[in-house]
Amino acid sequence: MASRRSANWWTLWGLLILLWALFPLLWMVSLSFKDPGTFRGSTPQFFPEEWTWKNYDTVFSDSLFTSALRNSAGIALIATGLSVIVAMFAAYAIARLDFPGKRLILTVALAIAMFPQAALVGPLFNMWRGLGIYDTWIGLIIPYLTFALPLSIWTMSAFFRQIPWEMEQAAQVDGATAWQAFRKVIVPLAAPGVFTTAILTFFFCWNEFLLAISLTSTDRARTVPAALSFFTGASQFESPITAIMAASVVVTIPIVILVLAFQRRIIAGLTTGAVKG
Amino acid sequence: MSEIIIKNLVKEYGDGFLAVNDVSLDIGDGEFMILVGPSGCGKSTLLRMIVGLEDITSGELLINGERVNDKKPRDRNLAMVFQNYALYPHLTVFENIAFPLRLRGGMTGDEIRAKVEDAAATLELTEHLDRKPGHLSGGQRQRVAMGRAIVRKADAFLFDEPLSNLDAKLRGQMRTELLRMQRRMGTTTVYVTHDQTEAMTLGDRVAVLRRGLLQQVATPRELYEQPVNMFVAGFIGSPPMNFIPGTLDGGTISLPFVSYELPSDTREAVGDRSKVYVAIRPERFEDASLADAAKRASGVTFRATVDVVEWLGNEQFAYIPYEVPHELETELHELERELDSERMRSQLVVALEPSSKIVDATEAELWFDPRATHLFDPESGDNLTLNPEPAVADAPT
């Protein structure tokens, strides 16, 4: 009975935390369906009196948003792809090989991760303008890579370390070259780690605001988080809040889909059964 | 078919530690060679040097007469079974076994299928081919690991303590199975173990290692009957051999519980030493009351107080504590520690017939044949009574 009761308590706590976390999201969804002209009614309500798609029409007909969506997707995907590939090789080397300066690389990576972004924005702005990559995709991809790589390397090297050495040695004895052993044995085994890192990196690039707003000026490279701050209402008397919320819902959807699609892969411990139970 | 020749192989680690120290060993074609020794003796390192997972510091390794020191593991064409099996968890049993074949290429899908199914049938894995290793029992995983080794025509099989993760019953079954398979396939096999039962039952020959040094390479029978030194003598046999300090006075040797005349042929071997270790296997003792008069006369009988008797059904063990001088005690302690066991006290272990009526805490009359004992030099630990002729000729043909 006692365990039953404590299980109930856990459920209750879980629900409370869920409510706490979901409330802003619900509020966002609800706002996005309210009429932009009348949502500030005299009797505030949580749910809209009248459900309307008007806000979604507004954001999708606005080139500010559609180009930002394109930029966001492109930049985030490219940065994630590059980051995962580079981090995978770096992490493998760090986990498996013994080379001078290994500790230094890890320490520097950690130091970069701890470096405040705000301190870099000014210098980057000037440098990017000098180099002519201000307000371009590459101008955002480079700093995103810099900030995503340390975390990716750390997470992935932890995953690689969990893979027993014998796996690779067995592959080598079975006739694999180092590259074949890496590709056919290590990469599939590290897949959960790679996915986890990829998703985390993608989230970071997708949501990043500070660099995005500072290093862009036009539709050429401005990403969604930055574009949202430029939203205005249909007239100066109309608040853009509902439209912003509609845009927020749109950019949240890919993330929700990603998490739902890959959560099994992230959680699944693929190495079970590799070695003795 | 192949032979492996190891010439003065040395493995030195960065800190100067010699894991394998000048080991030379010829492993004949089709031979089942066991590398055995307590943990840390270098047996696994030696095996990994043969397969190519450890670099060779100096010395030569020849497979089929070809020097392979600098060859990569993949080019040595050896198959290895790892202690923890090292199965590929993301592949099915079928793909695990097919893995080495696919890597080598040049084989059609049908050929691979036929070979894998053949290997699986040998190991009774046919019904598990579509499962992942994670869903298999320990014994099944072990068989998959063997399947991966036997599926291709490897020059030799290398086993690194393959049975040590199985429970005792399964281990016994797998041991027999393994021996049967090796005999049928006739493939040269090197097998590392710390278990002396595996060493004795499986090996054509057994190589005993201690701290990276090869102690003795011989057939199991020879190891048991003609150990070259105290280390080998203490390692082989269960329960282990008794080492009893004895003092010599002329032709008489005094043990803590009995004195007797040394047989004439061993007297010469002992020379002018005043102290030796007398080594007697527990199973060489007998309950004197069960021995007939002729037998009694041919050996030594003595009376001793039996502390504890363990009855096992097919035999029983009697323990007889005795006092030894302090300095010898520490020496014996050292040896025991090296043999991976903890010496609690000086005691004689005696294996008796199950029909013996000797009980706990009584005085018993025991018998042994001095010709069945060995004498060891207390300093070097060398066997002074080594018979130059092999005990029984059962060397591999």
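Structure notes:
- Members of the range B:254-265 that are free of Cβ contacts under 8 Å to residues at least 60 places away in the same chain and over 18 Å from residue B:297 (Cα atoms): B:254, B:255, B:265
- Residue B:39 under 24 Å from residue B:164 (Cβ atoms), of a type in the set (S, T, N, Q), open to solvent by 20 Å² or more (accessible area, probe 1.4 Å) and away from chain A (no Cβ under 14 Å): yes
- Candidate set: the range B:84-102, residues that are open to solvent by 10 Å² or more (accessible area, probe 1.4 Å) and in contact with a Phe, Trp or Tyr (Cβ under 9 Å, 6 or more places away or on another chain); chosen: the one nearest to the other protein chains (Cβ to nearest Cβ): B:99
- Identity of the residue in the range B:66-83, open to solvent by 60 Å² or more (accessible area, probe 1.4 Å) and outside any strand (DSSP E or B), that ends up farthest from the other protein chains (Cβ to nearest Cβ): B:70
- Filter result for residue B:48 (within 14 Å of another protein chain (Cβ to nearest Cβ), modelled with pLDDT under 90 and surrounded by 20 or more Cβ atoms within 10 Å (Cβ to Cβ)): no
- Those strands (runs of 3 or more DSSP E) lying entirely in the range B:191-296 with at least 1 residues surrounded by fewer than 17 Cβ atoms within 10 Å (Cβ to Cβ): B:213-218, B:242-249, B:252-254, B:259-261, B:275-280
- The residue that is surrounded by the most Cβ atoms within 10 Å (Cβ to Cβ), counting only those in the range B:51-65 that are in contact with a Lys or Arg (Cβ under 6 Å, 6 or more places away or on another chain) and on the phi > 0 side of the Ramachandran plot, is B:52.
- Single residue of the range B:124-165 satisfying the filter (more than 12 Å from every other protein chain (Cβ to nearest Cβ) and more than 28 Å from residue B:45 (Cα to Cα)) that is most open to solvent (accessible area, probe 1.4 Å): B:127
- Among the residues making up the range B:234-261, those that are within 14 Å of the chain's Cα centre (by Cα) and under 16 Å from residue B:285 (Cβ atoms) are B:237, B:238, B:239, B:240.
- Test: residue A:196 is of a type in the set (Val, Ile, Thr) and surrounded by fewer than 15 Cβ atoms within 10 Å (Cβ to Cβ): no
- Residues of the range A:194-213 include none that is touching a residue at least 40 places away in the same chain (Cβ under 8 Å), among the hydroxyl-bearing types (Ser, Thr, Tyr) and farther than 30 Å from residue A:103 by Cα.
- Residue within the range B:103-122 that is acidic (Asp, Glu), within 20 Å of residue B:182 (Cα to Cα), open to solvent by 60 Å² or more (accessible area, probe 1.4 Å) and more than 10 Å from chain A (Cβ to nearest Cβ) present: yes
- Residues located in the range A:147-191, provided they are facing chain B (nearest Cβ under 10 Å), in contact with a Ser or Thr (Cβ under 9 Å, 6 or more places away or on another chain) and not hydrophobic (A, V, I, L, M, F, W, C): A:164
- Filtered by the rule that a residue be open to solvent by less than 10 Å² (accessible area, probe 1.4 Å), in a helix (DSSP H, G or I) and among the small types (Gly, Ala, Ser), the range A:171-193 gives A:171, A:181, A:190, A:193.
The values are calculated or read from the model by the stated rules, or taken from the named source; none is laboratory data. Being a predicted model, the structure only gives us computed values, none of them experimental. Cβ atoms come from the backbone with ideal geometry, glycine included; neighbour counts cover every protein chain shown. We work out accessible area using only protein heavy atoms, side chains counted, and drop any ligands, DNA or RNA first. Shrake-Rupley method; radii C 1.70, N 1.55, O 1.52, S 1.80 Å.
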